[in-house]
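Visitor: One structure follows; several queries about it will come next.
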Amino acid sequence: MKTLVWVEHEGGAVKDATLSAVTAAAKLGEVHLLVVGEGVSAVADAAAKIAGVGKVHVADDAAFGHALAENVAPLIVELMGHHDAFIAPATSNGKNIAPRVAALLDVMQISDILSVESEDTFTRPIYAGNAIATVKSKDAKKVITVRGTAFEKAQRDGGSGTLEAVASTGDKGLSSFVGAEIAKLERPELTSAKIIVSGGRALKDGPTFEEVIFPLADKLGAAVGASRAAVDAGYVPNDYQVGQTGKIVAPEVYVAVGISGAIQHLAGMKDSKTIIAINKDEDAPIFQVADIGLVGDLFKVVPELTGKL
Amino acid sequence: MKILVPVKRVIDYNVKPRVKADGTGVDLANVKMSMNPFDEIAIEEAIRLKEKGVATEVIAVSIGVAKAQETLRTSLAMGADRAILIQTDEEVEPLGVAKLLAKVQEEEGAGLIILGKQAIDDDSNQTGQMLAALLNLPQGTFASKVEVEGDSVSVTREVDGGLETVKLSTPAIITTDLRLNEPRYASLPNIMKAKSKPLAQKTPADYGVDISARLETLKVVEPPKRTAGVKVADVDELVAKLKAMGVAA
């Protein structure tokens with residue numbers, strides 16, 4: 001099988017989510033990449049070095065600058081004329097674009113796969129990860145999104161892909177980019193961090209969240225996450241949310257502070273290697289999945305922990 | 001402008017799903033079912049646009065079993081004007097749902113179609129994007145803010161790094177994220193009133209759409225279980241554990 005993998009990139013660099021998607025694609029056969037954007041030659045060069053890749057299709061055009069699905073999907077559909085599968089990491093771009101491609105190809109997408117069982121059979125989580133379904137696709141071509149935490153990352157070097165420019169399919173005139181508020185991260189990114197410290201509603205408000213959680217995260221060199229309740233309450237922005245419909249993470253260590261452990265939150269972090277929970281309610285469901293639990297008042301315990309590290 | 005809002009009947013948000021012992025799926029017998037939470041947000045947004053005078057009519061549509069009528073009645077009680085049930089006992093995949101909705105849109109000519117970004121049962125996150133593709137319309141997915149301005153709509157989207165705003169020509173497809181609004185509860189008088197609002201009954205055959213499944217579910221199993229570990233007595237013990245793990249120096 002010949003697969004086409006969506007290269008997720010930012011600021012001229014290939015993001016880790018791409019590397020997991022490459023690993024998934026390699027299980028299906030030949031791996032080709034697609035780099036889409038405006039001024040993406042550095043990304044294309046970096047992509048060509050990823051271990052195991054063949055052709056790197058490069059679509060560099062102003063119409064692709066913000067990866068608008070309306071403009072990008074027709075391009076992918078054209079390339080799918082000579083590929084058997086389109087694979088995207090389950091990032092916000094991947095989730096936005098892949099189903100549009102699938103429908104144009106009259107293919108039923110397989111979302112958020114956890115494993116490749118064979119050329120047409122995959123496992124994927126349903127019901128917030130409370131069940132794992134094994135599904136077999138009857139479609140001739142496959143459209144797949146990949147859960148990054150479920151696959152090893154391909155090596156960033158060792159590959160010698162060949163670059164091939166793709167003609168732009170142009171601006172379809174349906175949508176335009178207006179602006180973005182992208183947070184400047186001073187800490188590791190959630191989906192690729194080795195350690196995450198997450199806070200819940202118990203943190204009271206935004207300033208308290210920062211005061212309690214941030215110093216601990218910085219001590220540990222950790223990314224900061226949050227439960228839906230903390231995001232809804234406005235303590236931190238939406239991109240901090242870990243859960244069924246937020247970010248899915250699986251770090252080496254996940255520290256849950258003042259998070260009760262609703263199934264929707266657990267869905268986003270229960271594959272973490274070690275879970276540490278700090279909560280004053282000893283019956284909180286988070287303790288049922290935690291490897292190490294500490295029952296106590298987080299306002300006392302967390303600063304003490306930060307101080308002692 | 002009409003607004004079309006597809007809604008899905010799913011397992012209630014607060015119920016922990018149980019996998020059937022025979023591995024064929026999740027046990028939904030005698031389980032509380034509700035409207036998909038993201039669809040409630042979609043209905044709410046449509047009603048607010050009607051209250052602002054932007055929309056003239058809100059139409060809820062559901063594809064599913066006869067009991068999906070209850071979900072539609074909830075939509076009507078919240079403030080939708082009328083409902084369409086496309087009844088089938090088959091489990092319809094997002095692609096099939098999108099094809100049916102495309103036919104509904106051909107009849108209704110809505111200016112906006114607002115959908116939940118994903119259903120909390122199959123967690124596919126596909127239908128809105130697929131519908132946009134089939135109708136060749138723009139899509140504003142994972143919306144946290146929607147502003148209609150003449151014949152275009154500005155949609156602020158929740159993306160991996162933060163927020164992004166796009167401008168779409170109408171008609172357009174919007175899918176909702178959690179922060180778009182807080183759905184209202186239907187009042188008792190409105191629940192009573194909803195009973196007399198029109199609810200059209202259709203079948204997939206009425207639309208001539210092939211909804212046969214493209215994915216075959218071979219089995220459904222429980223995920224590997226995590227077991228509770230140890231509780232530490234105090235911070236010192238926790239620090240010792242972290243040091244032993246090599247997390248702290």
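Visitor: Condition (residue is closer than 21 Å to A:Ile97 by Cα, within 13 Å of chain B (Cβ to nearest Cβ), out of contact with any helix residue (DSSP H, G or I) (no Cβ under 7 Å at 6 or more places or on another chain) and in a loop (DSSP other than H, G, I, E, B)) applied to the stretch A:134-141: is it met by at least one residue?
Guide: Yes: the stretch A:134-141 contains one or more residues that are closer than 21 Å to A:Ile97 by Cα, within 13 Å of chain B (Cβ to nearest Cβ), out of contact with any helix residue (DSSP H, G or I) (no Cβ under 7 Å at 6 or more places or on another chain) and in a loop (DSSP other than H, G, I, E, B).
Visitor: Let me ask something else about it. Can you tell me which residue is surrounded by the most Cβ atoms within 10 Å (Cβ to Cβ) among those in the stretch A:122-133 that are without any contact (Cβ under 8 Å) to a residue 60 or more places away in the chain and facing chain B (nearest Cβ under 7 Å)?
Guide: Out of the qualifying residues, it is A:Tyr127.
Visitor: Anything in the stretch A:1-40 that is β-branched (Val, Ile, Thr), under 16 Å from A:Asp60 (Cβ atoms) and touching a residue at least 60 places away in the same chain (Cβ under 8 Å)? List them, or say none.
Guide: If the condition is that a residue be β-branched (Val, Ile, Thr), under 16 Å from A:Asp60 (Cβ atoms) and touching a residue at least 60 places away in the same chain (Cβ under 8 Å), then A:Val14 is the only one that fits.
Visitor: With in contact (Cβ under 8 Å) with a residue 40 or more places away in the chain, out of contact with any Leu (no Cβ under 8 Å at 6 or more places or on another chain), within 8 Å of chain A (Cβ to nearest Cβ) and crowded, with 24+ Cβ neighbours inside 10 Å as the only criterion, which of B:Ala119, B:Ala132 stands out?
Guide: So the residue among B:Ala119, B:Ala132 that is in contact (Cβ under 8 Å) with a residue 40 or more places away in the chain, out of contact with any Leu (no Cβ under 8 Å at 6 or more places or on another chain), within 8 Å of chain A (Cβ to nearest Cβ) and crowded, with 24+ Cβ neighbours inside 10 Å is B:Ala132.
Visitor: Among the residues of the stretch A:140-154, is any more than 23 Å from A:Met1 (Cα to Cα) and in contact with a strand residue (DSSP E or B) (Cβ under 9 Å, 6 or more places away or on another chain)?
Guide: Scanning the stretch A:140-154 turns up no residue that is more than 23 Å from A:Met1 (Cα to Cα) and in contact with a strand residue (DSSP E or B) (Cβ under 9 Å, 6 or more places away or on another chain).
Visitor: In the stretch B:106-143, what residues are within 28 Å of B:Asp12 (Cα to Cα) and either over 16 Å from the mean Cα position of the chain (by Cα) or hydrophobic (A, V, I, L, M, F, W, C) (or both)?
Guide: Within the stretch B:106-143, B:Leu112, B:Ile113, B:Ile114, B:Leu115, B:Ala119, B:Ile120, B:Met130, B:Leu131, B:Ala132, B:Phe142, B:Ala143 meet the criteria.
Visitor: If you take the residues of the stretch B:208-234 that are more than 7 Å from chain A (Cβ to nearest Cβ) and touching a Leu at 6+ places or on another chain (Cβ under 9 Å), which of them is surrounded by the fewest Cβ atoms within 10 Å (Cβ to Cβ)?
Guide: B:Ala233
Visitor: Separate question: Among the listed residues A:Gly52, A:Gly81, A:Gly94, which satisfies the condition of being closer than 18 Å to A:Leu105 by Cβ, touching a residue at least 40 places away in the same chain (Cβ under 8 Å) and of a type in the set (Gly, Ala, Ser)?
Guide: Result: A:Gly94 is the single residue among A:Gly52, A:Gly81, A:Gly94 that is closer than 18 Å to A:Leu105 by Cβ, touching a residue at least 40 places away in the same chain (Cβ under 8 Å) and of a type in the set (Gly, Ala, Ser).
Visitor: Just need a number here: residues in the stretch A:169-186 that are part of a loop (DSSP other than H, G, I, E, B) and surrounded by fewer than 17 Cβ atoms within 10 Å (Cβ to Cβ).
Guide: Residues in the stretch A:169-186 being part of a loop (DSSP other than H, G, I, E, B) and surrounded by fewer than 17 Cβ atoms within 10 Å (Cβ to Cβ): 8 in total.
Visitor: Any chance the stretch A:213-235 includes a residue that's at the interface with chain B (Cβ under 8 Å from one of its Cβ atoms), assigned to a loop (DSSP other than H, G, I, E, B) and touching a residue at least 24 places away in the same chain (Cβ under 8 Å)?
Guide: No.
Visitor: Then there's this: Confirm whether B:Leu178 is hydrophobic (A, V, I, L, M, F, W, C), within 7 Å of chain A (Cβ to nearest Cβ) and more than 20 Å from B:Val54 (Cβ to Cβ).
Guide: So B:Leu178 passes the test.
Visitor: Could you please find all residues in the stretch A:251-282 being under 20 Å from B:Lys241 (Cβ atoms), assigned to a loop (DSSP other than H, G, I, E, B) and either of a type in the set (Ser, Thr, Tyr) or touching a residue at least 60 places away in the same chain (Cβ under 8 Å) (or both)?
Guide: Answer for the stretch A:251-282, where residues must be under 20 Å from B:Lys241 (Cβ atoms), assigned to a loop (DSSP other than H, G, I, E, B) and either of a type in the set (Ser, Thr, Tyr) or touching a residue at least 60 places away in the same chain (Cβ under 8 Å) (or both): A:Ile259, A:Lys270, A:Ser272, A:Lys280.
Visitor: If only one of B:Leu28, B:Leu4, B:Leu49, B:Leu72 is buried (at least 24 other Cβ atoms within 10 Å of the Cβ) and either part of a helix (DSSP H, G or I) or within 14 Å of chain A (Cβ to nearest Cβ) (or both), which one is it?
Guide: B:Leu72
Visitor: Right, here's the next one. Looking only at helices (runs of 4 or more DSSP H) that lie completely in the stretch A:1-103, which have at least 3 residues being away from chain B (no Cβ under 12 Å) and among the acidic types (Asp, Glu)?
Guide: So the answer is none; nothing clears 3.
Read-outs throughout are calculated quantities, based only on the coordinates presented, and are distinct from any laboratory measurement. Computed from a predicted model, the values in this text were never measured in an experiment. Backbone-built Cβ (ideal geometry, glycine too); neighbour counts: all protein chains shown.
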